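The values are calculated or read from the model by the stated rules, or taken from the named source; none is laboratory data. Only a predicted model underlies this, so the values are computations on that prediction, with no experimental measurement involved. Ideal geometry is used to build each Cβ from the backbone, glycine not excepted, and the neighbour counts take in all protein chains shown.
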Amino acid sequence: MRRSRIALALLAVVVGVSIASASTFLKVDLPTLKKMSESVVHAKVVDMKSAWNDEGTAIFTWVTLDVKGRLHGTAADQIVVRVPGGTVGDFTSEMSGAPRFVVGDEVVTFIARWHDGVAMVAGYAEGLSKVKRDQVGNLRLEGGLADGMPMSDLARQLGRR
């Protein structure tokens, strides 16, 4: 009986460590996030569609962004980024640290590429900020690495005025 309890306790520790380490992200600074990105865009989220991957092992969401402005690099007028997680039927998959989009939101997104060439958000949630207007109409960023920063400051730091 005692051996069973010890074995169960060890199993719980191993499983807990495996789960905890599965979603470890390194925090990066703005120059590093810029280097990871081919572009940084100010965009509006206009559509989202979730589906299983071809192997049926993971759900991804394809998020369509209408680009309103470019803060770094070049980008098409519309970009579709693939993010981990989503809902298909009654099944929802979430990944800790993944960027979360909402249709209708205005966002600033750091764009990179998955290994298969599909657009992604560089730095996961660190590479996505919502755009909000303050009382006098200035654009401020909420969330991600640029949290609390005026959009004009981010543009300046990225090399656009």
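For the stretch 118-138, the tally of residues that are over 17 Å from LYS27 (Cβ atoms) and at pLDDT below 95 stands at 6. The set of residues in the stretch 52-84 that are in contact with a strand residue (DSSP E or B) (Cβ under 8 Å, 6 or more places away or on another chain) and part of a loop (DSSP other than H, G, I, E, B) comprises ASN53, ALA58, THR74, ALA75, ALA76, ASP77.
Which residues, taken from the stretch 101-119, are in contact with an Asp or Glu (Cβ under 9 Å, 6 or more places away or on another chain) and either among the acidic types (Asp, Glu) or in a loop (DSSP other than H, G, I, E, B) (or both)? The one that is in contact with an Asp or Glu (Cβ under 9 Å, 6 or more places away or on another chain) and either among the acidic types (Asp, Glu) or in a loop (DSSP other than H, G, I, E, B) (or both): VAL103. Would it be correct to say that VAL41 is assigned to a strand (DSSP E or B), crowded, with 19+ Cβ neighbours inside 10 Å and within 13 Å of the chain's Cα centre (by Cα)? In short, no. Note on the stretch 78-96: residues that are exposed (fewer than 11 other Cβ atoms within 10 Å of the Cβ) and under 17 Å from VAL46 (Cα atoms) total 0. Does the stretch 57-75 hold any residues that are farther than 25 Å from PRO31 by Cβ and surrounded by fewer than 17 Cβ atoms within 10 Å (Cβ to Cβ), and which are they? Result: THR57, ALA58, TRP62, ASP66.
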